[in-house]
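Structure first, then comments.
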Amino acid sequence: MKTPNMPRLAIIIPHYNDTIRLKRCLEALEPQVDAGMEVVVADNASTQDLAPIRARFDWVRFVTQPEAGAGLARNAGVAAATAPWLAFIDADCVPDKTWALRALHLSSGDADTVTGGRVDVFDETPPPRSGAEAFEAVFAFKMRRYLDEEQFLGAGNLVVARAAFLAVGGFRAAVSEDKEWSRRAAATGYRLAYDDDLVVSHPSRSDWPALSRKWRRLTEETWALRRAEGHGRLGWLGRALAMPVSIVAHAPRVLSHPALSPSEKLRALGTLTHLRLTRMAWMVVQACTPPK
């Protein structure tokens, strides 16, 4: 396969030290990429050897962004690409067999609309699910709800015209980049839309350390975004103290989930309780710590 000379759609993939999943992502993309597309992997200066990946997928362009952060890597990928439309997918995701074609179809639509898609969750370990995997089966990547209730799209499954992306500006580091960029796009005048046929799959976090790292990062980024938006510490403290109530409020979602066995539901409830109380502690410390 050869990189097209005049692509219409650039597929941008940020990556850092996850060559096994990157290979899986590119293998799923390979039969989909045609002369209307280019693929750019923007690497955050990984310490893993990328030479075998480069050799195996010689139709992919690789660029390096030495500054850490998936958002900054995405920006570097956009700068290296030439196509007038952009489709973002993360290296640990697996695109549906029609994902690239659906993204290309969206590129013939309204250039003032930014479109996010569905993210399904799958397990990389055999059953039964761990508490972390069961929790993610219930709560992870509810993209339509994120748009309807919180007004943001996920950056790991996103289609946008290059002109719109440049008008909004690139992703910013050290904040909740999906929320911050989406809200900036809406404030700039672009419409945020959801497409259930634009589908990628993301592996669940397999254990508590992985889930905890995810939520520690998200909590820190959300706190940074709220401060940037001018929200005060009392509001954040109030959200923290509401965490125990959210355990009770969300338990029915676990108990009624059709994909979980009774034992998996119990493990998910335990993880829900552990995570919400842990997040409360993190948030209380953040609210009570003076800025540097």
Margin query: Using a probe radius of 1.4 Å on heavy atoms only, what accessible surface per residue do you get for the range 129-234? Whole Å² is fine.
Written below: 42
Item checked: Selection of GluC sites (Glu not before Pro), the range 218-272, meeting DSSP coil and at most 12 other Cβ within 10 Å -> GLU229
Note to self: Could you tell me the ratio Rg/Rh of the range 153-292? Both radii from Cα atoms, Rh via Kirkwood.
What the structure shows: 1.01
Notebook entry, point to check: Can you run phi through the Karplus equation (6.51, -1.76, 1.60; θ = phi - 60°) for the range 13-30 and list ³J(HN,Hα) in whole Hz, with x for Gly and Pro?
Noted result: 10, x, 8, 8, 6, 8, 5, 5, 6, 4, 4, 4, 4, 5, 5, 6, 6, 3
Notebook entry, point to check: Counting only heavy atoms of protein chains, what accessible area per residue, in Å², does the range 42-128 have with a probe of 1.4 Å?
Noted result: 45
Check: Per the Kirkwood formula on distinct C-alpha pairs, the Rh of the chain is how many angstrom?
Finding: 20.1
Checklist line | Helix-derived mean residue ellipticity, 222 nm - over the chain, DSSP H n ≥ 4, -39500 (n - 2.57), to 500 | finding: -15000 deg cm²/dmol
Next item on the list: Pull up all non-local amide H partners of SER176: gap of 5 or more, or a different chain, and H-to-H distance under 5 Å with H placed in the peptide plane.
Entry: THR222, LEU225
Note to self: If you roll a 1.4 angstrom probe over the protein chains with everything in place, what fraction of the accessible area of the range 94-167 belongs to carbon and sulfur, to the nearest %?
What the structure shows: 55
Check: Which percent, nearest 5, of DSSP beta bridges in the chain are antiparallel?
Finding: 25
Next item on the list: Would you tally the net charge around PRO244, using a Cβ to Cβ cut-off of less than 13 Å, leaving PRO244 out, and scoring K and R as +1, D and E as -1?
Entry: +3
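The values are calculated or read from the model by the stated rules, or taken from the named source; none is laboratory data. All of these numbers come straight from a predicted model, not from anything done at the bench. Cβ coordinates were reconstructed from backbone atoms using ideal geometry, including for glycine residues, and neighbour counts include every protein chain displayed. Just so you know, the surface numbers come from the protein's heavy atoms only, side chains and all, with ligands and any DNA or RNA stripped out. Shrake-Rupley method; radii C 1.70, N 1.55, O 1.52, S 1.80 Å.
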